[in-house]
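Please read the structure below before turning to the comments.
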Amino acid sequence: MRQHIPYGRQNITEDDIAAVVEVLRSDWLTQGPTIDRFEQAVADYCGVKYAVAVSNATAALHLACLAIGLGPGERLWTSPNTFVASANCARYCGGDVDFVDIDSQTYNLSVAELDRKLIAAEKAGILPKVILPVHFAGQSCEMEAIAALANNYGIQIIEDASHALGGSYRSQKIGSCEYSEMAIFSFHPVKMITTGEGGMIVTNRLDLYQRLKQLRSHGIIREPDQLTQTSPGPWYYEQQELGFNYRMTDFQAALGLSQIQRLNSFVERRQALAHRYREAFQALPVKLPNDFAYTQSSFHLYVIQLKLEMLKRSKSEICEILRNQGIGIQIHYIPVHTHPYYQKLGFHWGDFPIAEQYYQESLSLPLYPTLTETEQDQVIRSLMEVLQ
Ligand SMILES: *Cc1c(COP(=O)(O)O)cnc(C)c1O
């Protein structure tokens, strides 16, 4: 078997390691100044006012839903073509989840389908409180149109931008929150930059920012002007509501701070590799990712769709052969509503046909900044062979 090429992997330099070690030698392993610096760096990068670092993006989604006040019996709508965490966050709050089928060209939540579903939901008195668009593979959803619809119905928007740090929408960075209350990022090793585990919530709203900081750390308040009882001394703090320990450590923040210096070069490298795939696959029976004028993709993923009716082999045979050749392909995503947990909640195969059809045909190829052209050529050759 040839050398294993994964579908995604981190890029760690000696500078990254030195940055982490420096914090390890300092007084603050957690709740120290490096967290503030990393938050500021992400906020500056995205052109947004506030950022709150947390232990992972799943925690970020949970806190975002709590901060917006999603509660039992209230609804959150998201895309079925996402990681389960985008939907689970509503369940943590006792809320209900529903899905809006995807667009067959963008693989993101379909605006036309959202429009249709909102009209039906209003009639039935079951409008959602929150819409959570996911910028799949790093390509922005059509936020202007989604926000216009959401505004008509008084619905709030939280963006799952786990794939999309470094991407842009209508010449603004994804995470600017121009069209949303909050956006969240993931720093898992396969994502655009990493802190090992880690996540971030960004917002322009001071009230949400303060609430997120409180919820991140047990619901505890230390600021003298926000205490509800008379402070007996400088050591005093109050738990004012039920929060969590969702903090990121300072040595993780040091890694993130060091990584974000290279974010633009990561995006450029991913875009260049994506371009090479595009050139190489022109004649193959596959559908390549579409470009859209309104978004510059961060290319977290490179997803192709197999034209199965033109192929001799089935998708599972193709995946098996590629894996045996050391090509770490992945499938993004198993539609969330088809997982047993969501089927028990009443969803069925057939509920979101475009996402299901897309799932049958899609394949994510290796794409990450340190993928060499030699390795990429090996992926290209293997794919060409197997699709013959
Ligand atoms: C990775 C990912 C998450 C969860 O991120 P973690 O940091 O691993 O919790 C959520 N949503 C999407 C779309 C993701 O890709």
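What are the ³J(HN,Hα) couplings of region 25-35, residue after residue, when phi is run through the Karplus curve with 6.51, -1.76, 1.60 and θ = phi - 60°? Round to Hz, x for glycine and proline.
Working through the residues one at a time gives 7, 8, 7, 10, 8, 8, 6, x, x, 5, 4 Hz.
Restricting to DSSP H runs of at least four residues, report the calculated mean residue ellipticity at 222 nm for the chain, -39500 (n - 2.57) per run over all residues, nearest 500 deg cm²/dmol.
Working: 13 runs with 148 residues, N = 388.
The per-residue figure over the chain is -11500 deg cm²/dmol.
For the chain, give the share of DSSP beta bridges that are antiparallel, in percent and rounded to the nearest 5; count only bridges with both residues there.
65 percent
With θ taken as phi - 60° and the coefficients 6.51, -1.76 and 1.60, list the Karplus ³J(HN,Hα) couplings across region 217-232 in order, rounded to whole Hz; mark glycine and proline as x.
Going residue by residue, I get 10, 6, x, 8, 10, 10, 4, x, 6, 10, 6, 9, 10, 5, 6, x Hz, with x marking Gly and Pro.
Arrange the following residues from fewest to most other Cβ atoms within 10 Å of their Cβ: Val379, Val111, Val21, Val52. Spell out each step's value before the answer.
Working: Val379 25, Val111 20, Val21 12, Val52 30.
Lowest count first: Val21, Val111, Val379, Val52.
Taking amide hydrogens as modeled 1.01 Å from N in the peptide plane, which residues meet the under 5 Å criterion relative to Lys307, leaving out close sequence neighbours?
For Lys307, whose amide H was placed from the backbone, the distant partners under 5 Å are Val286, Lys287.
With the crude spin-label approximation of a point 7 Å out along Cα→Cβ, what separation in nm comes out for Glu241 versus Ala112?
It works out to 4.0 nm between the two label points.
Please find, in a Gaussian network model of the chain (springs between Cα atoms separated by less than 10 Å), the residue of Lys123, Lys287, Lys191 whose mean-square fluctuation is greatest.
Lys123
Using the Cα gyration tensor of the chain, with a ≥ b ≥ c the square roots of its eigenvalues, what is the shape: rounded (a/c below 1.5), prolate (a/b larger than b/c) or oblate (neither)? Kindly include the intermediate steps, with their values, before the conclusion.
Working: a/c = 2.11, a/b = 1.31, b/c = 1.61.
In terms of gyration-tensor shape, oblate.
Compute the distance from the alpha-carbon center of region 54-91 to that of region 224-247, in whole Å.
The distance from the Cα centre of region 54-91 to that of region 224-247 comes to 26 Å.
For His348, His218, His135, what's the fewest-to-most ordering of other Cβ within 10 Å of each Cβ? Intermediate results must be reported in sequence, preceding the final value.
Numbers: His348 10, His218 17, His135 30.
Starting with the residue having the fewest Cβ neighbours, the order is His348, His218, His135.
Using the alpha carbons of region 1-138, what is the convex hull volume per residue in cubic angstrom, as a whole number?
Considering the Cα atoms of region 1-138, their hull volume per residue is 186 Å³.
Would region 306-373 count as rounded, prolate or oblate if I go by the C-alpha gyration tensor, calling it rounded below 1.5 in a/c and otherwise prolate when a/b exceeds b/c, oblate otherwise?
Values: a/c = 2.50, a/b = 1.68, b/c = 1.48.
Since a/c reaches 1.5 and a/b is larger than b/c, the shape of region 306-373 is classed as prolate.
What are the ³J(HN,Hα) values, in whole Hz, obtained from phi via the Karplus relation 6.51 cos²θ - 1.76 cosθ + 1.60 with θ = phi - 60°, for each residue of region 181-186 in sequence order, with x given for Gly and Pro?
Ordered by residue, 3J(HN,Hα) equals 7, 8, 10, 10, 10, 10 Hz.
How far, in degrees from 0 to 90, does helix 315-324 lean away from the longest principal axis of the Cα atoms of the chain, to the nearest 10?
80 degrees
Where both partners of a DSSP beta bridge lie in region 51-166, what percent of those bridges are antiparallel, to the nearest 5?
On the way: 1 of 11 bridges.
In region 51-166, approximately 10 percent of DSSP beta bridges are antiparallel ones.
What is the log10 of I(q)/I(0) for region 227-317, computed with the Debye formula using one identical point scatterer on each Cα and no solvent, at q = 0.23 Å⁻¹?
Ignoring solvent entirely, the Cα scatterers give -1.18.
Exposure proxy check: Cys319, Cys89, Cys65 ranked by fewest other beta carbons within 10 Å? Walk me through the numbers on the way to the answer.
Details: Cys319 18, Cys89 29, Cys65 25.
By the 10 Å Cβ count, ascending, the order reads Cys319, Cys65, Cys89.
Counting only DSSP beta bridges with both residues in region 83-228, what percent are antiparallel, rounded to the nearest 5? Show your work: numbers first, answer last.
Working: 8 of 14 bridges.
In region 83-228, approximately 55 percent of DSSP beta bridges are antiparallel ones.
Using modelled backbone amide H atoms (1.01 Å from N, in-plane), which distant-in-sequence or interchain residues come within less than 5 Å of Thr30's amide H?
Excluding prolines and chain starts, which carry no amide H, the hits are Asp250.
Would you mind checking the tilt of helix 373-386 against the longest principal axis of the Cα atoms of the chain, expressed as 0 to 90 degrees and rounded to 10?
50 degrees
I need the calculated FRET efficiency for the pair Ile119 and Leu29, taking r as the beta carbon distance and R₀ as 51 Å, to the nearest 0.05.
On the way: r = 52 Å, r/R0 = 1.02.
Calculated value: 0.45.
No lab work stands behind these numbers, since they all come straight from the coordinates. Note that the structure is predicted; figures quoted are calculated from it, not measured. Positions of Cβ are generated from backbone atoms using ideal geometry, with glycine treated the same way; all protein chains shown enter the neighbour counts.
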